[in-house]
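A short write-up of the structure that comes next.
The values are calculated or read from the model by the stated rules, or taken from the named source; none is laboratory data. Here the structure is a predicted model, which means the values were calculated and not measured. Glycine also receives a Cβ, built like all others from the backbone with ideal geometry; neighbour counts cover every protein chain displayed. Accessible surface is based on the protein model in full, side chains and every heavy atom, while ligands, DNA and RNA are left aside. Shrake-Rupley method; radii C 1.70, N 1.55, O 1.52, S 1.80 Å.
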Amino acid sequence: MTQADTKPTTHFIKAFIDEDLACGRFDAPLVTRFPPEPNGYLHLGHTKAICINFGLAKAYGGTCHLRLDDTNPIKEKQEYIDGIKQDIRWLGFDWGEHEYYTSDYFQQLYNWAVKLIQAGKAYIDEQTAEQIREARGTLTTPGTHSPFRDRPAAESVDLFARMKAGEFPDGSHVLRAKIDMASPNLNLRDPVMYRVLHASHPRTGDTWCVYPMYDYAHGQSDSIEKITHSLCSLEFEDHRPLYDWFISELGIFPTRQIEFARGNITYTVTSKRKLMELVDQGHVTGWDDPRMPTLTAMRRRGYPPNAIVDFWETVGVAKRENNIEVAMLEHCVRTELNKTAPRRMAVLDPLKVVITNYPEGQTEEMDCINNPEDPDAGTRKVPFCGELYIEREDFMEDAPKKFFRLAPGKEVRLRSAYWIKCEEVIKDDTGKITELRCTYDPQTRGGNNPPDGRKVKGTLHWVSAQHATNAQVRLYDHLFTAEDPTTPPKGSDNWLDNLSSDSLKTLDHVKLEPSLADAEAGVTYQFERVGYFCLDATDTTADLPVFNRTITLKDAWAKMQKKKGG
RNA sequence: CGGGCCGUAGCUCAAUCGGCGGAGCGGCCGGCUUUGAACCGGCAGGUUGCGGGUUCAACUCCCGCCGGCCCGGCCA
């Protein structure tokens, strides 16, 4: 059995679809839909539904519709519609011509509602919201009938028309389905189908002042679009009987709703309310702050969209509650980036190195491999001279044996350049190391082994001091210190106390190899031995390029140190 | 003794119609290396929530418990 065979390529939804197709319950092709409400930005949580709906349609040679579920005009904005479309495209999915809006169906939905009233299956209720709530009963006791429940259908039809005509104020009348006030499923206790809302809609303007509720609109919209499988998250399981009830009473196309568990991820929050709190209280700079789990933020951070798609594929689909380790996502990000990211050299915390035996004034160009994982990526020239910067943490005055990097009297390789040996350490008055004096071996050009068979264990990245480009780098880390950020830490009643103080570190004196002056926005680079970084298009200025750290490289040395320390 | 859903390795998921419980991630150890990355090899980790029953055989079927999540918006 090969690796590929053991990957979880199937799950219960596929099994259901296969059954349905096999028994002729639906005709191929499969039609699915992703139905976000345009009331905010898409985040990591949404991407699971996107991948499942678009992914399944693709896998079965079907189509996936994008439907903006815009039934509540007071929360929805065009800005969000635009953002959602951009985010889905970025993820790599395409709905083609199939862009729909629930509001496109308002007239049809209205006509069907009238039909249900005429059939004695719905009625206009004039109770207040509070009265309706009280009459609904509780989880353990049945509800009671509304005094308006048995009014003549003709009266309800008339009232519904007058609601639509704008005769009644918000909250005064609702249309309710007449089902079963004693049902153990609260969704069946005469659910509200329509409410009066004198609000202007982003698309229909002031045409309507009655708007359908989710439960009434969603299934019918699926049906109108001939969606074969309506895939949604677990909390809608209790709604399925109602979903099926409307379709059955109306005698329309029977979409099948199937529910799956949403994916929770450690150290991240995906509650819209909580994300809003982070933005509003200034804990992040905005919805696109690279620490946010929104797609716009992950894009800015340099996450490759393929990594997110791979992540959900790897994780699989099931119905049980879950809390996926963020390490899984990070693994997918690194895997994708390792394959695709162009390699560059950058020194985050520069320490000057002077090569005392290098010909004064000389400069050479070194050939550097752009991506060892991709032979087609080719090479580039990187300038080298007698004054360089190396990473401060790559030098230790009193180095332990396991330290492979530079130390007094020790020799290391400069990647793709020369071997150098540390001869002298220069310090300032405070004892801080300001410069290293080294010698180089001309026989090691390109970083090659010298003819005498000498060995060296460490390879360092470097940047020519003469040619370096200055930059600001932002080091991002988990926003929270707790696996489940929504639970306040011990002794606190505020979940925001889980906020990490180390989620952003800004470095202002970073030295980049000169080619990075032309870094492309939207490309994530690997700064060798350091991590993955991308240009921050929004904060970069003409004078100072800004780079965001997408993610670190795995760091065995740091891990070893941490273990020793702890 | 309201209803619905769900319990398999630390995490996420597999396991044909009932036939020797596996993989990825994470962890640990080792190899290789011009990135302490990547890559390669190995190891640890399970009373399949618990208790009964049916069966030659149960993660799988039946019964009973226990535990977790969801549901009382004119939100979606």
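Just a few scattered comments:
- Under a model in which nothing but the beta-carbon of Lys, Arg (+1) and Asp, Glu (-1) is charged, chain A shows a dipole of about 1280 debye around its Cα centre.
- Distance distribution note for the range A:346-461: the fraction of Cα pairs above 23 angstrom is 30%.
- Positive-pole candidate from A:T540, A:V523, A:S156, dipole of chain A, charges at beta carbon: A:V523
- Using Cβ point charges alone (K and R +1, D and E -1), the dipole size of the range A:346-461 about the Cα centre works out to roughly 420 debye.
- In chain A, the calculated helix contribution to ellipticity at 222 nm averages -8000 deg cm²/dmol per residue, counting -39,500 (n - 2.57) for every DSSP H run with n ≥ 4.
- Protein accessible area in chain A, 1.4 Å probe - carbon and sulfur %: 48
- Selected from A:I84, A:P184, A:P350, residue furthest toward positive end of dipole (chain A; charges at beta carbon): A:P350
- Bridgeable lysines around A:K455 (alpha carbons under 18 Å apart, same-chain partners fewer than 8 residues away excluded): A:K401, A:K402, A:K410, A:K421.
- Cα radius of gyration and Dmax for the range A:1-113 (Å): 16.6, 57
- Extension gain, A:R320 back to A:E97 (0.36 nm per residue minus Cα-Cα distance, nm): 76.8 nm
- If you take all other residues with their beta carbon under 15 Å from the beta carbon of A:K85, and give Lys and Arg +1 and Asp and Glu -1, the sum is -4.
- Debye log10 I(q)/I(0) for the range A:198-299, one point scatterer per Cα, at q = 0.13, 0.23 Å⁻¹: -0.75, -1.04
- Degrees between helix A:12-22 axis and first principal axis of chain A (Cα, 0 to 90, nearest 10): 50
- The mean accessible area for residues of chain A, using a 1.4 Å probe and ignoring ligands and nucleic acids, is 47 Å² per residue.
- Looking at the range A:377-507, the DSSP beta bridges with both ends there are about 85 percent antiparallel.
- Pairwise centroid distance, computed over Cα atoms, of the range A:416-463 with the range A:148-211, Å: 79
- Evaluated with a Cβ-only charge set (Lys, Arg +1; Asp, Glu -1), the range A:240-299 carries a dipole of roughly 160 debye about its Cα centre, given to the nearest 20.
- Comparing A:L278, A:H98, A:I247 along the charge dipole axis of chain A, the residue lying farthest to the positive side is A:L278, per the Cβ-charge model.
- Within the range A:206-244, backbone nitrogen closer than 18 Å to the virtual label 7 Å beyond the Cα of A:A161 toward Cβ: A:208-210
- Take A:41-51, A:188-198, A:351-361 and order them by the average number of nearby Cβ atoms within 10 Å per residue, most first; the result is A:41-51, A:188-198, A:351-361.
- Local net charge near A:D367, Cβ-Cβ under 12 Å (Lys/Arg +1, Asp/Glu -1): +2
- Normalised contact order of the range A:346-461, rounded percent, pairs of Cα under 8 Å and 6 or more residues apart: 28
- Maximal additional length on extending the A:D493-A:F253 stretch stands at 81.5 nm, based on 0.36 nm per residue less the C-alpha distance.
- Largest-first principal axis extents, alpha carbons of chain A, Å: 102, 52, 44
- Among beta bridges identified by DSSP and lying wholly in chain A, the antiparallel ones come to about 70 percent.
- Modelled spin-label separation between A:R273 and A:K432, with each label point placed 7 Å from Cα along the Cα-to-Cβ direction: 4.8 nm.
- Partner lysines whose Cα lies under 28 Å from the Cα of A:K14, excluding those fewer than 8 positions away in the same chain, are identified as A:K48, A:K58, A:K85, A:K226, A:K319.
- Inter-label distance, nm, simple model (7 Å from Cα along the C-beta direction), A:T379/A:K77: 5.3
- Cα Rg, Dmax (largest Cα-Cα span) when computed across the range A:3-260, Å: 19.4, 66
- Sum of side-chain charges, A:R454 neighbourhood, beta-carbon under 10 Å (Lys, Arg +1; Asp, Glu -1): -2
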